[in-house]
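Step one of this worksheet: look at the structure below.
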Amino acid sequence: MSHLNATSQWDRLLLNLGVWEGSFTRLQTDGSVQEDVRSIVTLDGINNNQTIRQTIQHFNADGTFQQNKVLEYSSLNRSTLFFEDGAFSQGSLQFGPFAEFGAELGFILGDRRLRLVQLFDQDSRLSRLTLIREHRQNTSPDPRPLLTVDALLGNWQGEAVTLYPDWRSPDHYPTHLSIWREAERLYQKLTLPQIEIASSAAIQGSRLLFDQGSLPIQVLLLPDGASSNTPLTIPRDKPFLLEAGWLIEPTLRQRMIRSYDAQGGWSSLTLVTEHRR
């Protein structure tokens, strides 16, 4: 069982070293593309990998520089956690009214990364999304198709790892997710140890609206097999979660869930790796 500490967290960050080519796709809250900006993100280890220099370059359509940002850090912010494969999330530690709030959820598989930034405005409403698709320099982009409802249907058997901001020992447990469709509604049943959660959503093109609970949840089906799962408005005094998904292969999907408690505090980060049976 993996132990969580500053050293292991830093080692997991180092799995992201390299030069990553791709794009930052800014999306409206309904998933429509607002802007697509070519990018190169370089993560260099310096001082024997004791320090990371991160360079973020954005380019105009004609190839000229749009933006160049350089960051250096030698420790990790407490708002960030990494999994053993290098996947990670960083974001707000605490939700509060009248303040901007959001998180980044990032997957990595070999020479490919997929990251999603979900941001909320000062009225606690979902305000913008950025989908970042990257491949290591000198490798093939190998893009996945746009995610569809049909690509999600079936029975998904998974293994979940949950990390905690206080670095206590991670939890490992099995998951089972059944997804099926009846006309223009999607149904799903999630089975975890000691709990079963059933829900349904209206299918509106590439948008799924889970409209039956007290908290409306929107799932957007995005390019490259990605998905975004958020409340439309963050609730007061209720727990909530931010989730990103990545359909890596037709029968392999990862989901990352950043959970917040009823007081708005970040409580855990979970990575589910699931296979369709």
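Every read-out reported here was derived from the displayed coordinates using simple, explicitly stated rules and does not represent laboratory data. Note that the coordinates shown come from a computational prediction; the quantities given were computed from them, not determined experimentally. Heads up, the Cβs are rebuilt from the backbone with ideal geometry, glycines too, and the neighbour counts pull from every protein chain shown.
Observations on the structure shown:
- For the stretch 225-239, Karplus couplings with θ = phi - 60° (6.51, -1.76, 1.60), whole Hz, Gly/Pro x: x, 8, 9, 10, 10, 8, x, 6, 9, 6, x, 8, 6, 9, x
- Residue-span extension gain [Ser259 to Thr148] - 0.36 nm each, minus C-alpha spacing: 37.4 nm
- Under 5 Å from the amide H of Thr175 lie the amide H atoms of Gly158, Glu159, Ala160, each residue being 5 or more positions distant or on a separate chain, with H modelled from the backbone and absent for Pro and chain starts.
- Rounded to whole Hz, the Karplus (6.51, -1.76, 1.60) HN-Hα couplings of the stretch 39-48, x for glycine and proline: 9, 10, 10, 10, 10, 10, x, 10, 6, 6
- Cα-based shape type of the stretch 22-135, given that a ≥ b ≥ c are square roots of the gyration tensor eigenvalues and the cut on a/c is 1.5: oblate
- Most mobile listed residue (Arg12, Arg168, Arg253) in the chain, GNM with C-alpha springs under 10 Å: Arg168
- Separation in nanometres of the label points that stand 7 Å from Cα toward Cβ, at Gln34 and Thr191: 4.2
- Once backbone amide H atoms are built at 1.01 Å from N, Ser127 has Leu119, Phe120, Asp121 as its partners under 5 Å, excluding neighbours fewer than 5 places away on the same chain.
- Within a Gaussian network of the chain (alpha carbon springs, distance under 10 Å), most fluctuating of Ser214, Ser178, Ser79: Ser214
- Among Ile197, Ile234, Ile108, residue whose mean-square fluctuation peaks in a GNM of the chain (springs only between Cα atoms under 10 Å): Ile197
- With the helix formula -39500 (n - 2.57) applied to DSSP H stretches of n ≥ 4, the chain reaches a computed 222 nm mean residue ellipticity of -1000 deg cm²/dmol.
- Looking at the stretch 139-277, the DSSP beta bridges with both ends there are about 100 percent antiparallel.
- Under DSSP loop assignment and at most 15 Cβ neighbours within 10 Å, longest chymotrypsin sites (Phe, Trp or Tyr not before Pro)-free interval of the chain: 168-277
- Rounded to the nearest whole Hz, the Karplus-based 3J(HN,Hα) values (6.51 cos²θ - 1.76 cosθ + 1.60, θ = phi - 60°) of the stretch 251-267 follow the sequence 10, 9, 9, 10, 10, 10, 10, 9, 9, 10, 8, 5, 8, x, x, 5, 10, with x at glycine and proline.
- Extension gain, Asn5-Asn155: 0.36 nm per intervening residue step, less the Cα-Cα distance, totals 50.5 nm.
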